[in-house]
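Q: Encoded as structure tokens, here's the structure I'll be asking about.
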Amino acid sequence: MMGDGFIINHSTNSSNKLESPKKTKKKKKRGGTKKKMTTEQTLAFKSVSEWVFLEQASSLPSTAVSCVVDDFGVQKSLGRGGDKVVFELHSHSKCSDGFLSPSKLVERAHGNGVKVLALTDHDTMSGIPEALEAARRFRIKIIPGVEISTKFYPRGESEPEEPVHILAYYSSCGPTSFEDLEKFLSNIRDGRYLRAKTMVSKLNMLKLPVKWEHVSRIAGKGVAPGRLHVARALVEAGYVENLKQAFSRYLFDGGPAYSTGSEPLAEEAIQMICDTGGVAVLAHPWSLKNPVTIIRRLKEAGLHGIEVYRSDGKLAVYSDLADTYDLLKLGGSDYHGRGGHGESELGSVNLPVLVLRDFLKVARPIWCRSIRHILENYAEEPSDFNLAKITRFGKGVSPLSCGQDLIDRCLSLWLTNEERQNAVFEAVRLKLSHVSINQGGIQVPIESK
């Protein structure tokens, strides 16, 4: 069962087995059969790579889409210099329960060939500015994200509530209403403090004198403690041998030291994500006791997709559920940086090129509307408050160095020329051309090209 990023899977359901490769008459070479992409895969790869390398898309050589795929449509040699276009859509830093700082996480992602990284810390987006600053050095695209802790209650059924985690993916400008989302997340984080203290109290009652100060020190300043931090305290104090044992003995859902927090309903979290310009995806559905009911209900609430792919392959049962409810099939390593054989490495989940195309096909219009909404608000009311919405994740880069930067920052790395040159954005540009920014006491006009 998932507990703040740690998986203990008690399920013995045979439907959770990985999908097996199709049998072929010829003996396969190690690494699978390589073959040229189909026309659909070629077009999908071109579309995906143009977005990933958007600032250089016009200079992409025609050979950039020459690559091969294996029997499952997974990329084998893609992009410039034979690089794969690797998306890592689930990762954590020290800002929640990961072990690496956001900048070190980005550096590791770069070393593993990741081109697009979503930082999805638990119930906080505080690591996004640092990740973006590091990403500019390594030429990685960052998708601002968050993994929201929620509860699911069955309707009129005897089953107990279930913890459910929802991933949210946002545009370069972040949520359209950051204040609303931050208040929503802050309430969850406050509940995490109370929850962690309750877990420590329960462990003390079990004659395991873990100290709250120890848990807080592990979590770090300003970080809301989670189960993983409590588990680490148990390991460091010598009460268990490893994290897995901490969860399997004490901290699993319903375990002797388990406690719930003040998590919102899963449906409420999805509504918040949709209202603030994000893409909502169900994390690790294999950890759920009643995935079919949950997925059906969350689809009704506006869910866009579910995780289907892991580093060890595609889980057929969840792929089928995604097909049944017309949901995106995604996945990520859920990397925390704790090390050991039980953790998937950053960039280790092979997402087929058609999966990446489908993700961007759904996400990009949502992000486009989000960016447009934020720019329109500033054009209508050019206040410092509305300017902060544009520059919130701009640590390390001054969008005020010249007027054009304000527009380029929001548009050039996320929207194609065609998307930027439509009538709606042209109208926004026209409004912005009459707006000035106070720069060192001098009013600098925002000049649109």
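Q: Which GluC sites (Glu not before Pro) in the stretch 205-279 sit in a loop by DSSP (not H, G, I, E or B) and have at most 11 other Cβ atoms within 10 Å of their own Cβ?
A: Those satisfying the criteria are 241.
Q: Going highest first, how would you order 421-434, 350-363 by mean Cβ packing within 10 Å?
A: 350-363, 421-434
Q: Using a 1.4 angstrom probe on heavy atoms only, work out the carbon and sulfur share of the accessible area of the stretch 298-397 in %. If you can, show how the numbers build up before the last one.
A: On the way: 1850 of 4020 Å².
Carbon plus sulfur share of accessible area: 46 percent.
Q: Something else now. Distance check, please: which entries in 197/221; 94/221; 94/141; 197/289; 104/244 exceed 22 angstrom between their Cα atoms?
A: 197/289; 104/244
Q: State the Cα centre-to-centre distance between the stretch 267-345 and the stretch 129-184 in whole Å.
A: 12 Å
Q: The stretch 157-239: percent of C-alpha pairs farther apart than 20 Å?
A: Percent of Cα pairs beyond 20 Å in the stretch 157-239: 49.
Q: Just to be sure I understand the model, the point goes 7 Å from the Cα along the line to the Cβ. What's the resulting residue 384 to residue 433 distance in nm?
A: Distance between the two pseudo-spin positions: 3.0 nm.
Q: Still on this structure, please answer the following. Find, among the trypsin sites (Lys or Arg not before Pro) in the stretch 208-253, those assigned to loop by DSSP (not H, G, I, E, B) with at most 14 other beta-carbon atoms within 10 angstrom.
A: Within the stretch 208-253, the qualifying trypsin sites (Lys or Arg not before Pro) (loop, at most 14 other Cβ atoms within 10 Å) are 211, 221.
Q: Rank by packing, highest mean first: peptides 295-303, 379-387, with packing defined as the count of other Cβ atoms within 10 Å averaged across residues.
A: Details: 295-303: 18.3, 379-387: 14.0.
Ranked from most to least packed, the peptides come out as 295-303, 379-387.
Q: Highest mean first, how do 95-106, 282-293 rank when packing is the count of other Cβ atoms within 10 Å averaged over residues?
A: Ranked from most to least packed, the peptides come out as 95-106, 282-293.
Q: So which GluC sites (Glu not before Pro) in the stretch 103-180 end up in coil per DSSP with only 15 or fewer other C-beta atoms within 10 Å?
A: The qualifying sites are 157, 161.
The values are calculated or read from the model by the stated rules, or taken from the named source; none is laboratory data. Computed from a prediction, not measured in an experiment: that's the story for all the values here. Methodologically, a virtual Cβ is constructed for each residue, glycine included, from the backbone with ideal geometry; neighbour enumeration extends over all protein chains shown. Please note that ligands, DNA and RNA were not included when accessible areas were found on the heavy atoms of the full protein model with its side chains. Shrake-Rupley method; radii C 1.70, N 1.55, O 1.52, S 1.80 Å.
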